[in-house]
Amino acid sequence: TDSLGMPEDVIVTVPRLSLVMWSWSDSMKDILYGGITESSVPGVGGLECARYIPLWLKITEEIFVIIYAAVLYVWSAKTLKKVTDDDVRVIRERNGRVGGSWKSFMLLLLALVFGMELSYKIVTRQLLFVMNPCHVMTITQLYLLCVVPSKVSVAVLRIMIHNSFGTFLGVLFAVTNTRELRGEIPVYWVQHILICIMPLYIIYLWGPRCLEPLSDWSWARAGLLFFGHYHHHVLLPLSELTYVNLNNMMCPPLSFQLGGQYYRAIQIVIMSIFVLTFGKLYSALSLWLIGPLDAECKED
């Protein structure tokens, strides 16, 4: 023991434990975003990207977003038409008839592609990019393909459809300049194509009742509320803490430079319009495409 009566093994163990925890923390940070902070590719992050928008504008945007979100929340809470028990019963019956080997194949394919994407992120030490919406959409679709339809899963599907516009933006304004390993870019395109078509397949599996009526805009507003909350209150704080430009929340991508320092304010307006309308257009197109298949399913 030492002069204070404390066993020497405890004195030795505490510093060792601290070193182990410190080393583990550094290792996790390196896997999460070590490859991003060391990257010289413009737009992926760094101090210059973090300072792209001045502080006064960040505060102004956040005040506006909070007020906007509060209005959407009150409006959605009053008008949202919930999923009924009868909806769930019809959807489960349809899923039981239609789901089969093709469902297993689609689930396996999506899981395989997402596994490859995760592997690339770990190898390149960019795992934090998994927080980007397209990867969250993939995880959501894997969940929907695995679970038995319920009120919760139907609600998740509806909100996901109204948030799927971002995936099409990822196709139109693809950011692939950070992908340097062989096969990374093809995996990017395969993943985004699957994300675009998978909601259509799930709608076919579950039937038209899994969608709200086209005249009901309450779920579109709920989708917009979730979209804004995730970007401004999940991705943005993570970006500011790590200096990683998650989904271009700190500075604009090279493929979209509209508005300069005001690009986020412009995107709030653009995204509000497209999130509210795109989900409805996708739903209408899906119902039109699965109409003949739905008739065949009823005949069978």
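The values are calculated or read from the model by the stated rules, or taken from the named source; none is laboratory data. Owing to the predicted nature of the structure, the values given are computational and were not obtained by experimental measurement. Neighbour counts are summed over all protein chains in view; Cβ atoms, including those assigned to glycine, are modelled from backbone coordinates with ideal geometry. Calculation scope for accessible area: heavy atoms of the full protein, side chains included, ligands and nucleic acids excluded. Shrake-Rupley method; radii C 1.70, N 1.55, O 1.52, S 1.80 Å.
Listed values, structure above:
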{"quantity": "Residues of segment 95-128 that turn out to be within 24 Å of Phe165 (Cα to Cα), open to solvent by 60 Å² or more (accessible area, probe 1.4 Å) and small (Gly, Ala, Ser), as a count", "calculated": "0"}
{"quantity": "3 or more residues open to solvent by less than 20 Å² (accessible area, probe 1.4 Å) and over 30 Å from Ile59 (Cα atoms): qualifying helices (runs of 4 or more DSSP H) within segment 171-286", "calculated": "184-206"}
{"quantity": "Residue check, Ala174 in contact with a His (Cβ under 9 Å, 6 or more places away or on another chain) and modelled with pLDDT under 90", "calculated": "yes"}
{"quantity": "Residues satisfying the stated conditions in segment 129-164, i.e. aromatic (Phe, Trp, Tyr) and either more than 27 Å from Leu241 (Cα to Cα) or surrounded by fewer than 17 Cβ atoms within 10 Å (Cβ to Cβ) (or both)", "calculated": "Tyr143"}
{"quantity": "Pairs, first closer than 12 Å to Tyr262 by Cβ in segment 47-58, second in a helix (DSSP H, G or I) and open to solvent by 70 Å² or more (accessible area, probe 1.4 Å), C-beta under 9 Å, six or more apart", "calculated": "Tyr52/Gln261; Ile53/Gln261; Ile53/Tyr262; Pro54/Gln261; Leu57/Gln261; Leu57/Tyr262"}
